[in-house]
Structure formats: structure tokens, C-alpha cells
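Comments concern the structure below.
Values quoted throughout were computed directly from the atomic coordinates according to the rules given, and no laboratory measurement underlies them. What you are looking at is a predicted structure, and each value in this text was computed from that prediction instead of being measured. No Cβ is skipped: glycine too gets one built from the backbone with ideal geometry, and neighbour counts run over all protein chains shown.
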Amino acid sequence: MSPGSNDPSSLLERETLAAKKPNLRLRAGLVQAVRHFFTQRNYLEVETPYFIPAPAAELHIDAIRAGKGFLHTSPELCMKRLLAAGYPKIFQVCKCFRQGERGSRHLPEFTLLEWYRAETDYLGLMEECEEMVVFVLEELGLPPRLEFQGRTLDLQRPWDRLTVQEAFERYASTSLERAMESGRFDEILAFEIEPSIGFPKPVFLYHYPSALAALARLSKDAPGYAERFELYVAGVELANAFSELTDPVEQRARFEKELAKRKEQGKTVYPMPEKFLRTLPFMPESAGIALGVDRLVMLLSNQKEIDPVVSFTPEEL
Amino acid sequence: MYNASNLRKGLKILIDKEPYVVVDFQFTKPGKGQALYRCKLRNMINGIMLDRTYRSVDSFESANLEQRKMQYLYSQEGHFHFMDLQTYDQSALSAEQVGDAKNYLIDNLEVDVLLFDGRPIGLTLPNFVDLLVTRADPWAKGDSVAGDSKPITLETGYTLRVPPFIEEGIKITVDTRTGEYVTRVK
């Protein structure tokens, strides 16, 4: 036994980790089940680099600098380059990194499940997302109705669908239009809408104002809105998805706009991801989704916070 | 200068030219949206609580606060007077600013006085203070309502419950954080 192994902080660490064991077991089983779901649907599992020269330019997503490049904030750009090169169904489970994101449901290093599918749109992904979660529950031997923080969660399909406009009408103290004008969209979504949605059934919140979707295709039937959705389960934001924008001119213009806003706010201005833009015209009509694995584990293990579902938090290192 | 990403429990910032301490803090960030920092803040001068939500673009000035070791001298007309142990300068705190700490203020007690822009706004007591028992009735045996304790009065006028063996004229140690009896001073 090494010296110091009996000091109180070491004892506390061993106790904390031992208490996490059921969650970490569920986590391991969940990732296996996810892989099983996608491989049996002929998806190809891919790995793309974590260390990249140019992250996607989004105003509110801050990449962590690493040497001359950055740690990726999501595998989006590399996965789309694969999509453009003739990989029509791909998925990845990977670590992603975002500067300054730490809260009861946020970690600066977290695990994302991201998948892309050609010849479908965001509506197709809603269904596949439902199927995936139900499949995972069955593989884990969990019932479709679960207890989460004293409330019943009913994960049986189909789940609910709600437009952002409807959500504002139903739960917010102001209209979507006024929230956009006053720059209070995020605040109202986070504090007035989120706590009220996603139970007992999960809900797909869709049709985001076009200004809030840097890489999504604009809706054909709902002008001013993007074909983007966020999945909420018991007030927890679990996934973000959209029909992919495939127009390189439009995409470059949006990146430039985001970068200009970043510059204005004194944030790091990322290099333009030129290789991604060059390959974009070859990308088929497709849709992609990113789902927070840590949060899905939280929901299925009835944990209110993210800390108990990861082996170590940054503060524990 | 701080920005919103520096917000933490215990951080002291300036709002409308007054010092506030962050007592509760919650980070959230709706999908692809901006980071939101929901804070409960306490005004360090008047104790009033404030709820505020900040965004990543918000910035704050740090409050010019300083702790000084001072000795309690005397109280007069609702003010409590202290002497800085380094500079020998005297400062006064109002009864409101001193609050329950008056229960422990005995002559020559060393405390930390908090200064904001050089003005005293509050104090921190030592965790344990020894105080003289000035009044203690003999314990009435069989007083089952009172259990195994009895009320006494200390030299500062503070009354509390202690074990029955505590008598007038002895000193006891009190925990200033809880206001409770700790031990008899030998």
C-alpha cells in the first residue's frame, strides 16, 4: 500500500467512485446498445480527429485551444466531409470539448453521440431518435416507463412534437417575436419553457427561428424558420438535429456572420473551415443529430445532475 | 474586472456601486444558445438579496474590499468602536452592521473588520469566544421540561442553554457560528 492511501481525501474519492458504479455500468451498457442499434441498421461507426485546425463558426460555442489548433466542439465538419464522399449512414460516439461550460448538466469535456443519414430530413431523424432510445431501453432491460426525479417518464413511441412558436405561446411570459427582438430568447427558453416540457413524454421542439441555426437548412413550408429540432426529456435538453444546409455560398455567408459577431464580442475568431466548404456541394440531402450521452445516462439512472454519471469531473482530477 | 465566466460562489462584485457577494450560482446554456449565469447575490452592506441573470457578454468591476485585524473597544450610542491593530486608526460599525455579533463582543476581542472603499461595513468573529457567566440559577432537579440544560446569561447579555453544572462566575467557550455552548474554560 502506498503512503497516503489512508488520508481522508483518498478515502472520499474511493467512496465517491464506488457509489458511481451502478451509473457507470449503465453507461457502458448504453454505449454498447447504441452501437448495436446503429450497426444492425447498416450505419458505419467512424472516428474523426479531436484535434482540428478550424471548428465550426458558431457565436456561442467556444473551442478550447490546443497548440496551433483546437479541440473539436463536435465532430460535425469531419463527419459531413465523409457524408459528401459517399458515406451515407455514419455514427460516432466521441468526447467533445467546450470552453467554460460547467454546470449541473454541463461538462467542458463530454460525450456526444452524433449520426448522419443521407436521403432523410429532420422529421426522419425524429423517428429514428425515438427508435434508438426505445431500442436502448430494451437492450438494457429497462421498462418504457421510468421514474425520474419523482415524476413518471413515458418513453413509449410516439413522442410529442411542439413548435418553438407554440412553446412560447403555451409557457412563456412573452411572444417568440418579442423575445427575439429583445435578445431574450435563450433566457426565456432556459428558465420559462425548458422546465415545463418533456414529461411525461419526451418532446421534439422544432422550427427554430432561422437566426438560431448556423448549419441548418431553412424550412420550405415555414418561412423564417429552420428545419432544426431539439429533443427535451423531463426538462433536460438531450439532442439537437437539423436538415443539413448543403449550399456552400449560404454556409460561408452564415459562418462569416457568426465570426463577425464573435469578433465584435472579443471572442476567438476561428479560421474559415475551407476544406469543409469545398466539399459541401457534394453532400447529399441529409440530416444529422447530436445527442448528449452523459445526459441520457442521467435520465435513465434517475440522476438530477451530470457529475454522478462520469467517472471523474474536472474538479476531481 | 470580471466577466460572467468568472462568476463563482463567494465572488464579490460591484453592482450599482455597492459590493455584493455571490451566494448561489447556476450555469445553464440552452442548445446552441448563449451561456446564462443565474445568481443569487447578497448586498454586503445591507444584506438584501438580489436575483440576477447574467450572460457571457456581461462584465463586472471587482469590489474594493479589505479585511483588517481590529480590536473591539467599546460601544456608545448604538455604535461599536474598533481599533486597527496595525495603524491604530479607529472605526465604528452600526448596531445593524454588527447584528448578532454583539453577543460576543467583549473588550479587546480581536475581529476581522471588512472595509469597502475604506469604509467599515461588517465584521467576522473568531469561531470560538470565551465569555464570563454572569447569571446562572441553580439547576432545579426534576425539571423534565428543560431536559438536561438550563438557561444562563453571559457578560454580553446573551442568554443561552448550557449543561446544569455551569455556575455563575466561570467562563465558557461559545461557537459564534451556531451560538451554542462548546465547553467550560478550565
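Below, the figures for the structure above:
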| read-out | value |
| --- | --- |
| With at most 16 neighbouring Cβ atoms within 10 Å, loop GluC sites (Glu not before Pro) (DSSP) excluded, longest segment of chain B | B:78-154 |
| Cα-based shape type of the stretch A:255-317, given that a ≥ b ≥ c are square roots of the gyration tensor eigenvalues and the cut on a/c is 1.5 | oblate |
| Gyration tensor over alpha-carbon atoms, chain B, equivalent ellipsoid semi-axes in Å | 41, 23, 12 |
| Alpha-carbon Debye profile of the stretch B:2-62, log10 I(q)/I(0) at 0.23, 0.25, 0.26, 0.30 Å⁻¹ | -0.88, -1.02, -1.09, -1.37 |
| B:Glu167 paired with B:Asn127, simple spin-label distance in nm, labels 7 Å along Cα-to-beta-carbon | 3.2 |
| Rounded to 5, percent antiparallel among DSSP beta bridges of the protein assembly as shown | 95 |
| Degrees, to the nearest 10: A:248-264 long Cα axis against longest axis of chain A | 60 |
| Geometric extent, Cα atoms of chain A - Rg, Dmax (angstrom) | 20.0, 68 |
| Rounded to 10°, Cα long-axis angle of helix A:122-139 versus longest principal axis of chain A | 10 |
| The stretch A:99-128: GluC sites (Glu not before Pro) falling in loop per DSSP and having at most 15 other Cβ within 10 Å | A:Glu119 |
| Ratio Rg/Rh, restricted to the stretch B:65-124 and using Cα atoms, in which Rh is the Kirkwood radius | 0.91 |
| Where GluC sites (Glu not before Pro) fall in DSSP loop in the stretch A:256-312, at most 14 other Cβ within 10 Å | A:Glu285, A:Glu305 |
| Degrees between helix A:8-19 axis and first principal axis of chain A (Cα, 0 to 90, nearest 10) | 70 |
| Rounded if a/c under 1.5, otherwise prolate or oblate - the stretch A:1-153, Cα gyration tensor axes | oblate |
| Low-density loop cleavage sites - trypsin sites (Lys or Arg not before Pro) in the stretch A:215-275, where at most 15 other Cβ are within 10 Å (DSSP) | A:Lys220 |
| Residues with amide H under 5 Å from that of B:Val23, placed H, sequence gap 5 or more | B:Gly10, B:Lys40, B:Leu41, B:Arg42 |
| Three-way shape call for the stretch A:146-237 based on the alpha-carbon gyration tensor, with the a/c threshold at 1.5 | oblate |
| The protein assembly as shown - mean residue ellipticity at 222 nm from DSSP helices (-39,500 (n - 2.57) per run, n ≥ 4, rounded to 500) | -6500 deg cm²/dmol |
| Mean projected area (nm²) of the alpha-carbon convex hull when the stretch B:128-184 is viewed from all directions | 3.6 |
| Residues of the stretch A:170-197 with amide N under 13 Å of a point placed 7 Å along Cα→Cβ from A:Asp160 | A:170-172, A:193-197 |
